[in-house]
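Here is the structure we will look at, set down as structure tokens.
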Amino acid sequence: MGGAYNSGGGKVGFYRRLSWDKPSPTITTSPQQKATDMCDPVEQRPLTLSESAMIQTFPDDWIFYSSVTSKYKQTGNAIPVLLAK
């Protein structure tokens, strides 16, 4: 992760570390786009599909169909469920 290891949420870098107490930056349609990857607040890893869906406030039991790429696209293109409600 290079210099982005200590970056706070919202800073530009290859990975942007999320903050526990700040809003998430926009979830994108691909976790592999340069300067849009977000990583776990503590661990050195990108967000999982489940974590991206949680940020978008999908219910825990929501099922996404299709390829992994398509699933990330579905979460990135979604309006957060609670906002829509």
3 or more residues β-branched (Val, Ile, Thr): qualifying helices (runs of 4 or more DSSP H) within the stretch 23-85: 68-77
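For residues that are surrounded by 16 or more Cβ atoms within 10 Å (Cβ to Cβ) and in contact with a strand residue (DSSP E or B) (Cβ under 8 Å, 6 or more places away or on another chain), scanning just the stretch 2-14, find the one that is modelled with the highest pLDDT.
Top of the filtered list is Ser7.
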Evaluation of Asp37 against (1) at pLDDT 80 or above; (2) among the acidic types (Asp, Glu); (3) surrounded by 13 or more Cβ atoms within 10 Å (Cβ to Cβ) (one fails), failing number: (1)
Residue list for the stretch 15-34, filter: modelled with pLDDT under 75 and either in contact with a strand residue (DSSP E or B) (Cβ under 6 Å, 6 or more places away or on another chain) or buried (at least 18 other Cβ atoms within 10 Å of the Cβ) (or both): Tyr15, Arg16, Pro31
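State all residues of the stretch 54-85 that are on the phi > 0 side of the Ramachandran plot and within 14 Å of the chain's Cα centre (by Cα); if no residue qualifies, say none.
The answer is Thr57, and nothing else.
The values are calculated or read from the model by the stated rules, or taken from the named source; none is laboratory data. Predicted model only: the values in this text are computed from it and were never measured. Counting neighbours? That spans all protein chains shown, and the Cβs are built from the backbone with ideal geometry, glycine included.
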